[in-house]
1. From the list Gly212, Gly235, Gly182, exactly one residue is more than 16 Å from ligand 2 (Cβ to nearest atom) and farther than 30 Å from Gly109 by Cβ. Which is it?
2. Does Ile215 satisfy being β-branched (Val, Ile, Thr), within 17 Å of the chain's Cα centre (by Cα) and not in a helix (DSSP H, G or I)?
3. Is it the case that some residue within region 21-36 is open to solvent by less than 10 Å² (accessible area, probe 1.4 Å) and near ligand 1 (Cβ under 8 Å from one of its atoms)?
4. Just checking, how many residues over region 100-141 are within 16 Å of ligand 1 (Cβ to nearest atom) and in contact (Cβ under 8 Å) with a residue 40 or more places away in the chain?
5. Going through region 61-74 one residue at a time, which ones are touching a residue at least 40 places away in the same chain (Cβ under 8 Å) and crowded, with 16+ Cβ neighbours inside 10 Å?
6. Under 7 Å between Cβ atoms, at least 6 apart or on separate chains: pull out the pairs that start in region 1-28 with a residue that is under 15 Å from Leu144 (Cβ atoms) and end on any residue that is open to solvent by 20 Å² or more (accessible area, probe 1.4 Å) and part of a helix (DSSP H, G or I).
7. Just the residues that are more than 21 Å from Trp173 (Cα to Cα) and either outside any strand (DSSP E or B) or open to solvent by 70 Å² or more (accessible area, probe 1.4 Å) (or both), please, taken from region 106-144.
8. Could you grab me the full set of residues in region 9-34 that are outside any loop (DSSP other than H, G, I, E, B) and within 16 Å of ligand 2 (Cβ to nearest atom)?
Amino acid sequence: MNRIIAIANQKGGVGKTTTTISLGVGLAKSGKRVCLIDLDPQGNTTQGLGYDPDSIDVTITTIMDMIIHKDYKISKEYGVLHHKEGVDLVPANIELSEMEMRLVSIYIGREKILSKYLEMMRPLYDYILIDCKPSLDIITINALTAADSVLIPVQAQYYSARGLEQLLNTITWVVTDGPNPGLKVDGILFTLANDRTCNFKQVSQIIREAYGQSIHIYKSYIPRSVKAEEAPTAGISIYEYDSTGSVAEAYDRFTTEFLQEEKQYE
Ligand SMILES: Nc1ncnc2c1ncn2[C@@H]1O[C@H](COP(=O)(O)OP(=O)(O)OP(=O)(O)O)[C@@H](O)[C@H]1O
Ligand SMILES: [Mg+2]
């Protein structure tokens, strides 16, 4: 199976980028061919893997622009960076922020620009992971249209549940009236958890009660650690930065659980 997965939550700072990089590198360590798509003008996945977003010429924006202009002769290697930890990356930088306006002005097919590119890339990889930006705009809709499924990192906090409702409504629209009837939800991954506080236990319980019937909630969760906060500045994944720490271990466990769940698609 060659799978395309959007890592999405319009709430900012919930661990989308950290999960994209850590799951991506985790899957690569398990022998999977992985490509990460940075679909956020903040360029955090790009930065988190040690590249300077502002000095990169060819980004996801360049590629989406080519597709908008019906230039489909894109080489599969075009713009792809090969990271030493075994993942490929299509980078992003601030130029992606102008893409929203360009997409909105397209009358037909504006949701499908990314999909046209990723369908070309799909055969090259076992997993393409898309790191979404913290909003539900047309760029994120492009990710939800290109993806087979969505993985939702949720910070274990009281007000997380409300934002989740909005995301799930958007996903329901994409499936029922929108551009991707086949879109599935892989599940919710609790991140930035402080499992010593009863807050995490209570919040995960509330979300389990509200959504656990309809949405898979991964057993693994990602604890908070100072090392994980530092890793992006070093430009390497948590596996390299703090290989024996709690967050590397948690993402390792999560990768195993994720791969177990993937058997349903085989
Ligand atoms: N397990 C963790 N422990 C401590 N800090 C973390 C952890 N996971 C992520 N962080 C830090 O929290 C911040 C937000 O994480 P991240 O960038 O992954 O979230 P995001 O959802 O991608 O944010 P945005 O919405 O801005 O794209 C970052 O500074 C990151 O380094
Ligand atoms: Mg991010």
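1. Just one listed residue meets the conditions, Gly212.
2. no
3. No: zero hits.
4. Residues meeting the conditions: 10.
5. Ile63, Met64, Ile67, Ile68, Ile74, listed by residue number.
6. Arg3/Tyr265; Ile4/Arg122; Gln10/Gln166
7. Tyr117, Leu118, Glu119, Met120, Met121, Arg122, Pro123, Leu124, Tyr125, Asp126
8. Lys16, Thr17, Thr18, Thr19, Thr20, Ile21, Ser22, Leu23, Gly24, Val25
The values are calculated or read from the model by the stated rules, or taken from the named source; none is laboratory data. None of these values were measured; they are calculated from a predicted model. With ideal geometry, Cβ positions are generated from the backbone for all residues, glycine too; neighbour counts draw on all protein chains shown. Protein only, heavy atoms only, side chains kept; ligands, DNA and RNA dropped before computing areas. Shrake-Rupley method; radii C 1.70, N 1.55, O 1.52, S 1.80 Å.
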